[in-house]
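Comments concern the structure below.
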Number of protein chains: 2
Amino acid sequence: MITLTERQSLILKAIVRDYTEGGNPVGSKSLVQELPMKVSSATIRNEMARLEDLGLIVKTHLSSGRIPSIKGYRYYVDHILKPEKVDGQDLKVIQHSLGGEFHKIDEIVAQSADILSQLTSYTTFTLRPELKDSRLSGFRLVPLGNHQVMAILVTNNGDVENQTFTIPNDLTGDELEPVVRFIDDQLIGLPLQDVLRKLQKEIPLKLAKYLQDPDGFLDIFGSVLSKAASERFYVGGKLNLFNYTNQQNPKELQSLYSLLDQTDSLANVIGPPGQHIQVRIGNEITNDLLKDYSLITATYDVDRHGKGMIAILGPTAMPYSRMIGLMGAFQRELARKLLDYYRYFDE
Amino acid sequence: MITLTERQSLILKAIVRDYTEGGNPVGSKSLVQELPMKVSSATIRNEMARLEDLGLIVKTHLSSGRIPSIKGYRYYVDHILKPEKVDGQDLKVIQHSLGGEFHKIDEIVAQSADILSQLTSYTTFTLRPELKDSRLSGFRLVPLGNHQVMAILVTNNGDVENQTFTIPNDLTGDELEPVVRFIDDQLIGLPLQDVLRKLQKEIPLKLAKYLQDPDGFLDIFGSVLSKAASERFYVGGKLNLFNYTNQQNPKELQSLYSLLDQTDSLANVIGPPGQHIQVRIGNEITNDLLKDYSLITATYDVDRHGKGMIAILGPTAMPYSRMIGLMGAFQRELARKLLDYYRYFDE
DNA sequence: ATTAGCACTCTTATCATCAGAGTGCTAATG
DNA sequence: CATTAGCACTCTGATGATAAGAGTGCTAAT
């Protein structure tokens with residue numbers, strides 16, 4: 001366990017701040033002016049040598065200034081940093097952007113990714129509240145004529161999912177009615193997970209009484225059901241990658257960029273909702289492509305409607321203090337907005 | 001009007017091919033070996049000087065080899081190139097990818113952009129057949145409970161558009177029925193454009209007889225209607241940009257990349273459906289960001305269901321011959337597939 | 001414990017040099 | 001007259017030398 005003296009701590013803090021803002025290695029002379037106490041550059045050099053021994057800062061070459069190591073950022077984040085109070089202007093932007101009218105949870109969560117990316121100039125990820133407690137609350141089959149039927153599924157959270165299918169011969173509403181009633185009788189009120197399970201086993205058998213050829217219908221129902229039960233993951237500010245990357249190699253840039261389209265890989269990296277706010281720096285991120293970046297994740301809690309996540313991806317040299325303050329504020333605002341939204345469907 | 005001798009034509013062709021394949025300026029010595037006739041490098045140099053006077057090829061510096069100018073590519077495309085017969089393997093890929101079952105036109109057209117980008121390694125655009133002749137063939141309002149209603153709109157082409165709305169107080173199907181019947185009576189069978197027009201004028205007045213507060217409903221109907229009437233534009237292989245760009249500047253790359261997300265700007269560049277296959281090279285493209293690239297557009301024709309477009313964006317140094325062959329084949333296959341699809345709704 | 005001073009290291013920019021590739025021109029050739 | 005061999009000339013790109021600037025580590029003095 002590393003313990004730093006007051007002065008060492010101040011020096012590390014100054015190095016992190018300087019490097020984060022200016023992007024250049026920090027030398028002893030420039031630190032003289034920035035530190036609150038009056039010391040010479042030689043003293044600072046001595047202290048820096050100790051910090052280097054501890055592995056908190058490194059040189060880029062033998063006689064260069066120092067930059068924080070991953071361990072240094074870690075120490076800074078864990079022991080030195082204080083979350084910055086969120087800027088009043090930023091808070092207004094958040095509240096205003098979330099204040100509009102939305103028709104879907106997913107719209108809110110997707111928009112959150114965009115706002116957050118605008119505020120930070122980084123890339124952001126948002127995950128809607130977990131669906132594990134979602135229950136099936138309605139199912140409809142709407143014949144549209146022209147060999148087409150739309151299947152609509154509603155959950156108790158107000159989520160609506162639909163899909164249109166082409167069928168061989170036109171059906172009327174009357175023919176579909178017994179099927180819908182069967183679903184209503186047997187499955188309404190069950191968690192989606194249970195419905196998915198039953199779909200594999202009992203339902204096909206029972207349904208055979210109502211329909212001669214249940215396969216087609218089962219495909220339709222299964223398809224729209226799994227659409228509703230899948231996790232939804234949103235990415236904001238993909239293009240911002242170009243602002244904060246120091247990757248020059250176009251090949252690397254491309255694979256990095258395409259990672260941002262692989263929502264399943266990313267969902268793994270972000271991990272399941274946890275506690276509060278987490279900072280992962282450099283190789284602490286479980287994806288080699290991101291080993292030169294930092295990831296801040298925050299879990300927001302919408303009571304019994306589950307937990308969701310927001311995250312930002314940026315350079316290791318990011319203004320952690322401001323970012324963490326911002327995440328905290330966003331987390332609260334988003335949770336509030338969603339609670340508000342759900343209130344409709346709770347009555 | 002430029003006319004080239006047989007030999008000059010062969011030299012230009014060889015320069016285009018060499019540069020397209022190798023990416024390096026082409027010198028007189030390397031051409032000696034590639035030309036079918038037996039001439040010395042000095043002769044070729046003389047011919048090249050003439051081609052340069054005509055503005056068909058240029059030097060990158062005083063003593064470099066030559067590369068085709070935009071005018072040179074133009075001449076090559078217009079007078080020399082023969083469309084390459086499409087590779088059997090490629091044709092199979094196209095037919096197989098379009099062979100599956102689709103539930104929507106837009107799925108087919110979107111998938112086309114992806115296939116084409118895979119086959120070419122470039123960026124591709126597709127535009128669904130024009131909707132100007134689309135007519136309204138059905139409208140539904142489905143109450144979902146929980147303050148939600150889904151509006152569904154169907155056109156005679158089988159296109160289905162829907163949107164879910166949150167409403168202040170729950171309505172039953174009975175209350176919505178007169179509205180739906182009103183729409184059915186007054187608007188079914190009309191072109192979407194006419195419906196849009198009427199929505200501005202007569203409808204609000206007439207509707208007042210059925211509903212106390214028609215504004216909410218008009219918003220809903222208008223929203224889903226304009227969704228159905230809007231042009232749909234798909235982009236494939238955005239990431240391929242990194243393969244063929246020679247842009248190094250990250251700022252430029254970023255604005256180029258973000259252009260690929262602005263479907264309306266792009267739709268303008270691609271232009272309305274025209275005749276056959278068109279090649280636009282460098283500054284012939286009406287967008288300054290694309291002045292170092294080439295665009296090949298092709299119009300496909302689905303009889304009375306209108307015309308759509310496919311396009312590929314690549315470097316000016318692209319294998320035009322192969323690309324044009326490919327576009328021709330794709331154009332035919334796509335038109336066939338869509339005719340097939342529409343046959344359902346024509347009965 | 002702190003500091004001044006200095007030798008040392010490494011980066012970065014600038015400049016000269018040189019081989020390689022290609023051209024244009026001239027004079028010779030069929 | 002078209003073609004060709006030969007040669008001087010130009011430009012690129014790689015390599016290496018040089019010098020200024022920034023920063024360090026160490027020593028000796030305070």
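Some observations on this one:
- Near B:V58: Cβ cut-off under 12 Å, other residues only, Lys/Arg at +1 and Asp/Glu at -1. The net charge is +1.
- Stokes-Einstein translational diffusion, chain A - Kirkwood Rh over all Cα pairs, 0.692 mPa s, 37 °C, in µm²/s: 140
- Descending principal axes extents, segment B:193-347, alpha-carbon based, whole Å: 64, 43, 23
- Annotation for B:Q254, label-to-label distances across the other copies: 2.2 nm (shortest first, one decimal, point 7 Å from Cα along Cα→Cβ).
- Note on B:K251: lysines with a C-alpha under 27 Å away, same-chain residues under 8 apart excluded, are A:K238, A:K251, A:K291, B:K238, B:K291.
- Number of partner chain Cβ atoms within 10 Å, mean per residue of A:258-265: 1
- Cα convex hull volume per residue for the protein assembly as shown (Å³): 220
- Tail fraction, Cα-Cα pairs, segment A:14-98, threshold 15 Å, whole percent: 65
- Relative contact order [Cα under 8 Å, 6+ residues apart], chain B, whole percent: 20
- Among the trypsin sites (Lys or Arg not before Pro) in segment B:67-116, those placed in a DSSP loop whose Cβ has at most 15 other Cβ atoms within 10 Å are B:K85.
- Counting lysine pairs in segment B:6-80 whose alpha carbons fall under 16 angstrom apart, excluding pairs fewer than 8 residues apart on the same chain, gives 5.
- Rg ratio for segment B:110-225: its Cα radius of gyration over 2.2 N^0.38 Å, N being its residue count, equals 1.31.
- The helix-only estimate of mean residue ellipticity at 222 nm for chain A, built from DSSP H runs of length n ≥ 4 each weighted as -39500 (n - 2.57), is -15000 deg cm²/dmol after division by the residue total.
- In segment A:29-175, the inverse of the mean reciprocal separation of distinct Cα atoms equals 21.8 Å; this is its Kirkwood hydrodynamic radius.
- Taking the C-alpha atoms of segment B:104-156, convex hull volume expressed per residue in Å³: 118
- Qualifying chymotrypsin sites (Phe, Trp or Tyr not before Pro) in segment B:106-152, DSSP loop, other Cβ atoms within 10 Å at most 12: none
- Label distances, nm, A:L91 versus same residue in remaining copies, Cβ-directed 7 Å point: 6.9
- Helix axis angle, A:6-22 relative to chain A longest principal axis, alpha carbon, degrees: 60
- Residue with peak Gaussian network fluctuation, chain A [Cα springs, cutoff 10 Å], from A:G99, A:G328, A:G308: A:G99
- Between 0 and 90°, nearest 10: helix A:250-259 axis offset from chain A longest Cα axis: 50
- Position A:G23, label points 7 Å along Cα→Cβ, spacing to each other copy in nm (shortest first, one decimal): 2.6
- Percentage relative contact order, segment A:6-80, counting C-alpha pairs under 8 Å, at least six apart: 35
- Spacing of the modelled spin labels on A:R181 and B:I167, each 7 Å from Cα toward Cβ, amounts to 2.5 nm.
- Rh (Kirkwood; distinct C-alpha pairs) - segment B:256-347, Å: 14.3
- Chain A: angle of helix A:214-229 to the longest principal axis, Cα-based, in degrees nearest 10: 30
Every number here is computed from the coordinates shown, using simple stated rules; none is lab data. Just so you know, these numbers come straight off a predicted model, no measurement behind them. Reconstructed Cβ throughout: ideal geometry from the backbone, glycine too, with neighbour counts over all protein chains shown.
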